Amino acid sequence: MTPADFYNACNLTENPFTENPAVASHEKASVWVGYEKEQERLTRVLTQARSDQLGSTRFFLMYGGFGTGKSHALLWAQNLIMHQRRDEFNACAYFIRSLKTQGGKFSFHRAFQEFVINQSDLLADLEMFSHFLEDRISLYKREHGIPSHEDPKKVITQIFGSPELVNLAVKLYEANTKSELSAAIQVNDDFDSVLRFTSLVKLFTFNIPSPTVPDNRFKRAVYLFIDELDDLMGASSKEGRLVNDHLRHLYDSCQGCFGLGIAISAELSELSAFFMDYVLTRIDRMIAMSLLDKKQAVDFIKGMLATRRVAVSDPFYPFTEETVEHLVDQIVQLTPRKLVKAMYETIEQLRIGGYKPSPDNLVTLQVLDDFDIMEEVIECL
């Protein structure tokens with residue numbers, strides 16, 4: 001039986017328990033199972049940053065034990081903004097996997113270069129902004145009786161006012177290729193990288209004065225998600241303070257239409273070991289991702305199976321509910337990561353062992369004993 005035949009017999013399009021996706025554009029990044037209250041709180045705080053809603057700066061923290069789904073939640077948030085509800089949000093969202101370099105140092109500059117410039121849609125966003133700005137300059141001239149031959153640089157100065165924004169807007173307006181756009185935002189150190197990013201947020205969300213277009217912005221909001229901040233536990237005091245200073249500057253400089261989300265594997269009582277008071281007092285929402293109880297774990301597995309179901313069937317097929325409960329009972333500290341690993345290993349071991357699922361041949365406790373796979377399943381956790 002081929003893998004495709006096996007999963008078809010299981011009434012699944014594929015193994016629903018594969019590992020988390022690495023990028024938000026992956027289809028599995030759109031999947032959210034369990035944690036309904038946390039999902040609602042996260043969606044609300046993301047929405048509030050948009051200019052058509054509160055248009056405020058929102059700073060949220062996802063925290064909890066290892067494997068509780070914090071990284072996936074950030075990728076899901078980016079997927080929601082950029083894919084599931086793209087037109088509604090009309091926003092940019094960037095994801096930094098870690099501020100820690102391969103050499104063990106912390107660098108916002110390196111992270112900005114690697115994750116935001118090289119691995120995101122930033123250059124495409126800059127290209128679209130350049131075209132947007134060209135169009136809005138023409139509109140601004142018509143609305144304010146400015147001759148069409150007027151130097152665009154002078155118009156940009158009138159529109160943005162601030163030298164910080166004027167200088168960057170001129171560079172982006174004059175860039176004709178992606179390499180030139182990339183050069184326009186290149187900087188050399190952490191501090192300048194933070195400044196450059198905040199300038200981009202301000203440009204992208206700047207409401208260009210217009211009597212005919214009330215909300216005349218390139219984007220309704222910009223979001224930045226930073227994962228794995230628990231790495232700070234091994235940082236020096238100097239590095240820890242610098243990261244805290246960067247977070248404070250990002251929050252303070254982007255006054256409105258900005259969402260900053262961070263994730264850390266830590267409990268509430270431990271947060272003060274990672275973050276200074278001046279960061280903790282700026283956080284608007286703290287969203288806890290907790291361990292699951294047995295019922296939640298069983299429902300999580302049922303929900304994951306449903307995401308890859310070909311047609312409506314027994315919600316636990318090809319397993320019995322008793323089998324799923326037994327598998328859950330074998331796991332210490334029920335987290336989404338452990339459940340996914342356990343179920344992935346179980347279903348793959350059965351496939352490799354030649355198990356042939358059918359409505360009359362479900363995975364019972366006897367099947368698990370016959371295939372003798374439980375020891376290997378538990379070892380993988």
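Every read-out reported here was derived from the displayed coordinates using simple, explicitly stated rules and does not represent laboratory data. None of the values given here were measured: they were computed from a predicted structure. Heads up, the Cβs are rebuilt from the backbone with ideal geometry, glycines too, and the neighbour counts pull from every protein chain shown.
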How much net charge surrounds R44 when only the other residues with a Cβ under 10 Å from the Cβ of R44 are counted, with Lys and Arg +1 and Asp and Glu -1?
-> +2
Once fully extended, how much extra length lies between E267 and N207, figured as 0.36 nm per residue of separation less the alpha-carbon to alpha-carbon distance?
-> 17.6 nm
Taking neighbour counts of Cβ atoms within 10 Å as a proxy for exposure, in what order, fewest first, do I331, I264 appear?
-> I331, I264
Just add up the charged neighbours of T198: K/R +1, D/E -1, any other residue whose Cβ is under 12 Å from the Cβ of T198.
-> 0
Given H placed 1.01 Å from N in the peptide plane, which residues other than close sequence neighbours of F319 have an amide H under 5 Å from its amide H?
-> V363
Enter the per residue convex hull volume of the chain, computed from alpha-carbon coordinates, in Å³ rounded to the nearest integer.
-> 162 Å³
Between helix 36-48 and the chain: long-axis angle, C-alpha atoms, 0 to 90°, nearest 10 | 10 degrees
The chain - percent relative contact order, Cα under 8 Å, separation 6 or more = 28 percent
For helix 190-205, what angle does its Cα long axis make with the longest principal axis of the chain, in degrees from 0 to 90 and rounded to 10?
-> 80 degrees
Build a GNM of the chain with springs between Cα atoms under 10 Å: which of V187, V312, V155 gets the top mean-square fluctuation?
-> V312
Which net charge results for the neighbourhood of E267, defined as the other residues with beta-carbon distances under 14 angstrom from its beta-carbon, given Lys and Arg at +1 and Asp and Glu at -1?
-> -1
Enter the angle in degrees (range 0 to 90, nearest 10) between the Cα long axis of helix 70-79 and the first principal axis of the Cα atoms of the chain, meaning the one along which they spread out most.
-> 60 degrees
